[in-house]
Every structure is written in C-alpha cells, then in structure tokens.
Amino acid sequence: MPSPDPNYAIARIDLPDAGTHGWQVRLQRRGVKYAKYFGDRIYGNSERGLREARAWRDALLHKIAASEQTRICTRSTRNRSGVVGVSKVTVVTNGASYQFWQATWSPEPGKRRCVKFSIRRYGDQEAFRLAVAAREEAVE
C-alpha cells in the first residue's frame, strides 16, 4: 500500500568524505525495524537507486499489510468466545462488578471502535448474540 508521499520512509544519504551516495529506506512496524540502502554506484545512478528504493519499500509495505490482515483475522489461542473481535469483559468499579460482551473492530487503519452489551440487561446468551451481530455488521 504505497503512501501518497512518493518518498515516504526514504532518505537521501550523501557523505562525500566517505564516498557514500544513495537512498536509505527505514521503517518500523510493531517494534520491528526494516532498513535497506540503495547506493548510486550499485544501481548506476541516483534515479535508478531511488526507483529501486521505492519498489522495495512498496513491496515491504504490502507484505506488512498482508501479515497484519492475517494477524487480525485469525482467532487467537486466548480467544474464549470463539468469535474474532468478541470478548467477555468484567469491570469492577467501587466494589461493584459489571459484565458485558464487547464487539471490537477497526473501521480504518489507526481507528478502533467497540460496542458493549450488558449481561445484566440482556442475559449472557443474548448479550453475546448481540455482540456477534454488531461485529458482523460493522466489518461488512
């Protein structure tokens, strides 16, 4: 998923004293750092180096996006509800305990939404059913 900025995550490196001229791609996602240098000498000139740097960056962004979709859409071993994005939550406030089923989803990158259904109000099974329905409707 290429960025609107054609040189997103790409920097020009010119160190004449060291004989270093080229393009550096640097990204970090979920604590993992990715970096690669594209030297003018190796690629023939600055323009070709920049083209290769952009191509490598774009391929990396697509790979990262694909792995994020895989991560989001698979059920975790910690998931006890059996439905991705639906969980039972207990909140304790001033000594009182409240339980509800919560549906969460991401309508767009960087945004998170959730809706909660009280077990006291709807009962356990109905609150769960409402959370599953809300999640399914939201991700369609």
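The values are calculated or read from the model by the stated rules, or taken from the named source; none is laboratory data. What you see is a predicted model, and the numbers here were worked out from it, not measured in a lab. Here the Cβ is made from the backbone with ideal geometry for all residues, glycine too, and neighbour counts use every protein chain on show.
Key figures
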| read-out | value |
| --- | --- |
| Tabulated pairs, the stretch 47-75, first among the acidic types (Asp, Glu), second part of a helix (DSSP H, G or I) and at pLDDT 65 or above, C-beta under 6 angstrom, 6+ apart or interchain | Glu52/Tyr43 |
| Failed criterion for Thr93 (all others in (1) crowded, with 16+ Cβ neighbours inside 10 Å; (2) farther than 24 Å from Ala65 by Cβ hold) | (1) |
| Near pairs, Cβ below 7 angstrom, 6+ apart or cross-chain, from the stretch 124-140 (surrounded by 14 or more Cβ atoms within 10 Å (Cβ to Cβ)) to any residue that is of a type in the set (D, E, K, R) | Ala138/Arg113 |
| Qualifying residues in the stretch 28-57 (those that are outside any helix (DSSP H, G or I) and of a type in the set (A, V, I, L, M)) - the one surrounded by the fewest Cβ atoms within 10 Å (Cβ to Cβ) | Val32 |
| Exclusive hit being at pLDDT 90 or above, outside any helix (DSSP H, G or I) and outside the structural domain of Val32 (by TED's automatic domain parsing), set Val115, Val91 | Val115 |
| Single residue of Gly31, Gly19 found to be closer than 23 Å to Glu108 by Cα, outside the structural domain of Pro109 (by TED's automatic domain parsing) and out of contact with any Pro (no Cβ under 6 Å at 6 or more places or on another chain) | Gly31 |
| Test for Arg113: is it of a type in the set (Lys, Arg), at negative phi and surrounded by 12 or more Cβ atoms within 10 Å (Cβ to Cβ) | yes |
